[in-house]
Amino acid sequence: MNFDEFTGTVQHRLELPDTGRAVRAIRATLMTLGSRIPEENAEDLAASLPMEIKWYLTGAVEEHGQRFDWREFIDRVSEIENVDPPEAAHHARIVVDLVHSEIPTSDFRQLRDMLPESEDDENWRKLFEIVDAGGWSNAHEVQTGGGPQPETDSE
């Protein structure tokens, strides 16, 4: 997947009116994620992504390996993207799901292992809700009522 396909996919999934907003959502999510994880892990995660997307996890990050919880993550994404926190959380989940589909399973597992999934404020499991639901298409079908419908007797 190249940069245009990646941003176009995010734009479509988030139903954004323009590419600029999709790029802001990607940048906000990945820069903040890159700040949270160690530099070498950010580089591993970014290796399979388009060069322009890779930059947000690696080169655009001033300090890797910072310690902050899920709420702080969302606050930072919200501030960078200039959207409210619930929208930032939704955007982050969509971006992470697309990243998941583009990178090796081992790199994604490594990311999850770095982020605590406890029941308190460190509950990073919330970031992976769409991935855990089977990916965007499955999660989207559940939200919209799409997917296979039960058979009805027409007699």
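Could you run through segment 84-133 and say how many residues are within 16 Å of Phe73 (Cα to Cα), part of a helix (DSSP H, G or I) and among the hydrophobic types (A, V, I, L, M, F, W, C)? Number satisfying all stated conditions: 11.
Would you say Asp97 is out of contact with any Leu (no Cβ under 9 Å at 6 or more places or on another chain), surrounded by 14 or more Cβ atoms within 10 Å (Cβ to Cβ) and modelled with pLDDT of 95 or more? So Asp97 fits the description; yes.
Which residue pairs have Cβ atoms closer than 7 Å, lie 6 or more positions apart in sequence or on different chains, and pair a first residue in segment 38-56 that is of a type in the set (Lys, Arg) with a second residue that is part of a helix (DSSP H, G or I)? Within 7 Å, the pairs are Lys54/Ala46. Yes or no: segment 127-150 includes at least one residue that is modelled with pLDDT under 90, closer than 25 Å to Asp4 by Cα and polar (S, T, N, Q). Scanning segment 127-150, I find at least one residue that is modelled with pLDDT under 90, closer than 25 Å to Asp4 by Cα and polar (S, T, N, Q), so the answer is yes. Listed by first and then second residue, the pairs with beta-carbon distance under 6 Å, at least 6 apart or on different chains, first residue in segment 94-112 and within 22 Å of Gly8 (Cα to Cα), second buried (at least 16 other Cβ atoms within 10 Å of the Cβ) and of a type in the set (D, E, K, R), are Ile94/Arg13. I'd like the full set of residues that are aliphatic (A, V, I, L, M), closer than 23 Å to Ser106 by Cβ and open to solvent by 10 Å² or more (accessible area, probe 1.4 Å), limited to segment 20-48. Matches in segment 20-48: Ala47 only. Considering each of Glu122, Glu72 in turn, give the residue that is closer than 18 Å to Ser35 by Cβ, surrounded by 14 or more Cβ atoms within 10 Å (Cβ to Cβ), of a type outside the set (A, V, I, L, M) and modelled with pLDDT of 90 or more. None of the other options fit; the residue is Glu72.
The values are calculated or read from the model by the stated rules, or taken from the named source; none is laboratory data. What you see is a predicted model, and the numbers here were worked out from it, not measured in a lab. Every residue, glycine among them, receives a Cβ derived from its backbone with ideal geometry; neighbour counts consider all protein chains shown. Surface accessibility is based on the protein's heavy atoms, side chains included, excluding ligands, DNA and RNA. Shrake-Rupley method; radii C 1.70, N 1.55, O 1.52, S 1.80 Å.
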